[in-house]
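Student: I have a structure I would like to understand better, so I am pasting it below and will then ask my questions one at a time.
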Amino acid sequence: MEKALLRRKRVAVGVGSRLTWGQIGFLWTMVMPVIAMFIIIRVIPILVVLLMSFTNYSLHRPIVKFLPYKNFLRMFGDPNFITAFVNSTEFVLIAVPAEIFLGLAFAIFLNRKVKFESLYETLYFLPYIVPMVPAAIIWKWIYAPGTYGLANYLLDKVGLPHVGWMSTPQISLLAVIGIHVWKQIGFFVIIFLVGLKNIPGSFREAALVDGATPWEVTRHVDIPLLKPVILFGVVMATLWAWSAFTEVYIISQGTDISTGAEIQVMVTRIYAEGFLYFKLGYASAISFALFLISLIFVVVQFRLLKTEKI
Amino acid sequence: MIKRHLEKKLSGRIGLHLFLGITSFLTVSPFIWVVFTSFKPSNEIVTETPRLLPAVWTLENYLKLPKVAPFMRFFLNSIIISGVSTFCIALGSAACGYVFAKYRFRGKDFLFGLVIATILIPLQTYIVPLYLLTWKLGWINTYQGMIFPLIIMSSGIFFLRQNIMSIPDTLIDAARVDGATEWRVFFSIILPLSVSAIAAISIVNWVYTWSLFIWPLIVANSTEMFTMELGLMYFQREFAVDYGGIMAACVITLLPVLAVFLIFRTRIIEGVAFTGIKR
């Protein structure tokens with residue numbers, strides 16, 4: 001009797017490492033296909049990128065040769081790659097601090113029990129949700145030359161000289177970074193705001209009772225407690241800045257800097273080598289460099305979170 | 001003294017609202033500008049003295065769109081791609097979430113690790129082999145080719161697992177003891193109890209796939225396979241000086257996303273905040 005009950009219980013919970021036949025059936029029909037897709041779509045391509053980066057694979061060439069280091073050597077002598085790498089680095093160095101700083105500022109102000117909080121939140125968040133293509137096209141038009149573009153028109157109004165937004169490469173890159181930052185800020189406002197709301201109110205009240213000003217509360221209570229979220233935000237911002245593509249692609253089409261060579265970044269380089277010239281081996285090598293940089297950030301992120309938990 | 005304190009507090013409040021109001025207005029001002037511009041006749045758009053509101057309201061920019069590019073087709077393509085992708089992700093993430101939350105078997109941690117390991121790796125880094133795979137399968141310029149990389153979502157599985165973990169085991173056990181099959185448990189207990197989590201990841205995925213640009217850009221190469229984003233890009237390349245038309249096309253591309261966003265605002269923010277803070 002007791003044995004039967006026990007067995008019944010076992011069937012119910014699927015105790016130990018034993019699954020019932022029904023569970024095995026569910027596992028193989030519903031879950032394993034998804035896992036298989038993960039392997040086919042993600043794991044294998046990531047491994048193949050590594051392999052391909054050591055070859056001269058090209059859609060135009062039937063014979064594939066193994067080149068242990070040539071692609072990587074070529075990268076360092078390729079002016080296009082160097083421009084892209086330098087531009088991407090500039091992208092990261094400007095976009096990440098700007099996004100984190102502005103996102104944090106907006107979140108901290110929003111967290112001061114303001115009226116219409118959700119309205120402001122929605123407005124900041126709007127660009128994040130909108131597709132990049134129309135957003136970049138709109139900005140491109142704002143940056144248009146002469147007084148046709150809103151940006152120059154407004155500069156005109158306040159008596160400042162026109163800026164060659166789309167004709168001076170240095171400024172164009174900054175303009176693209178501006179679009180990227182404008183678009184991503186909403187994400188950081190949201191995650192920082194959620195993080196701030198998770199901080200118990202008693203912490204802040206205690207500090208206020210002790211006579212701290214709101215600014216001191218922010219500095220000595222909010223920001224230290226928000227550190228894990230800020231670190232996460234830095235990692236996400238960095239990954240997104242490294243893998244920026246659409247905004248650069250749209251802006252470099254048909255502008256004065258028509259080839260876009262001066263404002264190219266890592267992913268536009270992958271796109272050009274791989275899908276315009278079909279040099280898939282070399283494109284893989286660049287992808288692999290991008291992957292390595294991303295991986296370093298992911299690993300650092302997990303390390304930081306782990307130490308944070310203990 | 002008290003009055004002064006209150007005054008100071010009030011001016012602080014006003015300053016706060018001024019700051020938030022101005023910055024949030026600046027954030028959305030490009031959209032406002034575009035919407036009004038799309039209703040202007042062309043002589044009001046390309047002018048030395050632009051004004052915010054159109055002097056003459058016109059629909060001409062919108063009415064000419066279907067004549068110059070098949071935007072309806074682009075729209076349908078985007079719906080098909082986002083729809084199939086979101087359906088697969090909703091169902092797959094719920095099933096995986098259920099198994100990872102409630103089953104105990106050897107290798108589970110390994111499989112879960114496999115799913116989570118790739119969570120932050122951008123598509124851009126492995127896009128070359130993915131393209132090659134699509135090419136070998138003969139799926140270039142097809143729906144299946146455009147959709148298949150979009151049917152999995154690591155953070156979706158993670159999110160659903162967290163949610164399903166909070167469903168009490170006793171509920172599931174009771175159903176099993178009563179003779180319910182695993183399918184029955186999944187469809188009548190797990191799915192109904194995680195509807196809001198599924199909705200959150202579905203909307204986040206919908207917005208992501210709707211906005212995705214680089215994958216359709218390399219896989220779709222004929223006009224009838226274009227998504228909204230691609231169609232818009234080609235339109236602005238072909239008609240570079242027709243600002244009115246381009247702005248109207250932008251508004252049409254933005255509208256579905258804005259509508260979804262305004263309807264599901266809380267869910268989206270919740271979903272994004274989650275995919276942000278995933279522990």
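The values are calculated or read from the model by the stated rules, or taken from the named source; none is laboratory data. No experiment lies behind these values; they were computed from the predicted model shown. FYI the Cβ positions are ideal-geometry reconstructions off the backbone, even for glycines, and counts take in every protein chain you see. Each accessible area value is taken on the protein alone, full model and side chains, heavy atoms only, with ligands, DNA and RNA left out. Shrake-Rupley method; radii C 1.70, N 1.55, O 1.52, S 1.80 Å.
Student: Determine, yes or no, whether B:Phe148 is buried (at least 21 other Cβ atoms within 10 Å of the Cβ), within 21 Å of the chain's Cα centre (by Cα), at the interface with another protein chain (Cβ under 8 Å from one of its Cβ atoms) and not hydroxyl-bearing (Ser, Thr, Tyr). Show your work before the answer.
Tutor: Numbers: buried (at least 21 other Cβ atoms within 10 Å of the Cβ): yes; within 21 Å of the chain's Cα centre (by Cα): yes; at the interface with another protein chain (Cβ under 8 Å from one of its Cβ atoms): yes; not hydroxyl-bearing (Ser, Thr, Tyr): yes.
Yes; evaluated as a whole, the condition is true for this residue.
Student: A further question follows. Just one of A:Ile223, A:Ile191 is of a type in the set (Val, Ile, Thr) and open to solvent by less than 50 Å² (accessible area, probe 1.4 Å); which is it? First the steps, then the outcome.
Tutor: On the way: A:Ile223 fails: open to solvent by less than 50 Å² (accessible area, probe 1.4 Å).
Residue meeting the stated conditions: A:Ile191.
Student: I'm told A:Arg42 meets every condition in (1) within 14 Å of B:Val128 (Cβ to Cβ); (2) surrounded by fewer than 19 Cβ atoms within 10 Å (Cβ to Cβ); (3) of a type outside the set (Ser, Thr, Tyr) except one. Can you identify the failing condition by its number?
Tutor: Tallying (1) within 14 Å of B:Val128 (Cβ to Cβ); (2) surrounded by fewer than 19 Cβ atoms within 10 Å (Cβ to Cβ); (3) of a type outside the set (Ser, Thr, Tyr), A:Arg42 fails exactly one: (2).
Student: Right, next: Does B:Arg237 satisfy the condition of being open to solvent by less than 60 Å² (accessible area, probe 1.4 Å) and either part of a helix (DSSP H, G or I) or outside the structural domain of B:Val128 (by TED's automatic domain parsing) (or both)?
Tutor: No.
Student: Does A:Ile223 qualify as being modelled with pLDDT of 85 or more, away from chain B (no Cβ under 14 Å) and under 25 Å from B:Gly21 (Cα atoms)?
Tutor: Spelling it out, A:Ile223 is indeed modelled with pLDDT of 85 or more, away from chain B (no Cβ under 14 Å) and under 25 Å from B:Gly21 (Cα atoms).
Student: Pick from region A:119-130 the residues that are in a helix (DSSP H, G or I) and either more than 8 Å from every other protein chain (Cβ to nearest Cβ) or among the aliphatic types (A, V, I, L, M) (or both): which of them is farthest from B:Leu20 (Cα to Cα)?
Tutor: Selected residue: A:Ile129.
Student: Go through region A:197-213 and give me each residue that's surrounded by fewer than 15 Cβ atoms within 10 Å (Cβ to Cβ) and in a helix (DSSP H, G or I).
Tutor: Correct list: A:Lys197, A:Asn198, A:Gly201, A:Ser202, A:Phe203, A:Glu205, A:Ala206, A:Leu208, A:Val209.
Student: A follow-up question, please. Out of region B:103-140, which residues are in a loop (DSSP other than H, G, I, E, B) and within 7 Å of another protein chain (Cβ to nearest Cβ)?
Tutor: Here is the first cut: in region B:103-140, the residues in a loop (DSSP other than H, G, I, E, B) are B:103-107, B:118-122, B:137-140.
Within region B:103-140, B:Tyr103, B:Arg104, B:Phe105, B:Arg106, B:Thr118, B:Leu120, B:Ile121, B:Pro122 qualify.
Student: Failed condition for B:Met233, given (1) touching a residue at least 60 places away in the same chain (Cβ under 8 Å); (2) under 23 Å from A:Leu126 (Cα atoms), with all others met?
Tutor: B:Met233 satisfies all of (1) touching a residue at least 60 places away in the same chain (Cβ under 8 Å); (2) under 23 Å from A:Leu126 (Cα atoms) except (1).
Student: Among the small types (Gly, Ala, Ser) and more than 10 Å from chain A (Cβ to nearest Cβ): does that describe B:Ala180?
Tutor: So B:Ala180 does not fit the description; no.
Student: Here's a follow-up. Can you name every residue in region A:69-99 that is open to solvent by 70 Å² or more (accessible area, probe 1.4 Å) and not in a helix (DSSP H, G or I)?
Tutor: Hit for region A:69-99 is A:Tyr69, nothing else.
Student: So which residues in region A:166-214 are of a type in the set (D, E, K, R) and over 15 Å from the mean Cα position of the chain (by Cα), if there are any at all?
Tutor: If the condition is that a residue be of a type in the set (D, E, K, R) and over 15 Å from the mean Cα position of the chain (by Cα), then A:Lys197, A:Arg204, A:Glu205, A:Asp210 are the ones that fit.
Student: List the number of the failed condition for B:Tyr126; all other conditions in (1) touching a residue at least 12 places away in the same chain (Cβ under 8 Å); (2) under 30 Å from A:Tyr277 (Cα atoms) hold.
Tutor: All conditions are met except number (1).
Student: Let me ask something additional. When you go through (1) modelled with pLDDT of 85 or more; (2) at the interface with another protein chain (Cβ under 7 Å from one of its Cβ atoms) one by one for A:Arg112, which number turns out not to apply?
Tutor: Checking A:Arg112 against (1) modelled with pLDDT of 85 or more; (2) at the interface with another protein chain (Cβ under 7 Å from one of its Cβ atoms), the one that fails is (1).
Residue-by-condition table, conditions (1) open to solvent by 20 Å² or more (accessible area, probe 1.4 Å); (2) under 30 Å from B:Phe226 (Cα atoms); (3) more than 8 Å from chain A (Cβ to nearest Cβ); (4) among the hydroxyl-bearing types (Ser, Thr, Tyr):
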| site | (1), (2), (3), (4) |
| --- | --- |
| B:Leu6 | yes, no, yes, no |
| B:Trp33 | yes, yes, no, no |
| B:Leu65 | no, yes, yes, no |
| B:Leu76 | yes, yes, yes, no |
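Student: Would you tally the residues in region A:133-150 being open to solvent by 20 Å² or more (accessible area, probe 1.4 Å) and part of a helix (DSSP H, G or I)?
Tutor: Counting residues in region A:133-150 that are open to solvent by 20 Å² or more (accessible area, probe 1.4 Å) and part of a helix (DSSP H, G or I) gives 3.
Student: Further question: How about region A:282-299: which of its residues are more than 9 Å from chain B (Cβ to nearest Cβ) and touching a Ser or Thr at 6+ places or on another chain (Cβ under 7 Å)?
Tutor: A:Ala285
Student: Follow-up. Cβ-Cβ below 6 Å, separation at least six or inter-chain, first residue in region B:82-110 and assigned by TED's automatic domain parsing to the domain that holds B:Phe158, second of a type in the set (S, T, N, Q) and part of a helix (DSSP H, G or I): which pairs?
Tutor: B:Ser82/B:Thr209; B:Ser85/B:Thr209; B:Thr86/B:Ser202; B:Thr86/B:Asn205; B:Ile89/B:Asn205; B:Ala90/B:Ser202
Student: Name the single residue that is most open to solvent (accessible area, probe 1.4 Å) among those in region A:274-292 being of a type outside the set (Lys, Arg) and more than 22 Å from the chain's Cα centre (by Cα).
Tutor: Here the residue is A:Tyr277.
Student: While we're looking at this one, here's another question. B:Ser42 - would you say it is open to solvent by 20 Å² or more (accessible area, probe 1.4 Å), of a type outside the set (A, V, I, L, M) and not assigned by TED's automatic domain parsing to the domain that holds B:Thr253?
Tutor: For B:Ser42, the condition - open to solvent by 20 Å² or more (accessible area, probe 1.4 Å), of a type outside the set (A, V, I, L, M) and not assigned by TED's automatic domain parsing to the domain that holds B:Thr253 - is met.
Student: I've got another one for you. Please go through region B:161-199 and pick out each residue that is within 30 Å of B:Met228 (Cα to Cα) and surrounded by 20 or more Cβ atoms within 10 Å (Cβ to Cβ).
Tutor: Scanning region B:161-199 gives B:Ala197, B:Ile198.
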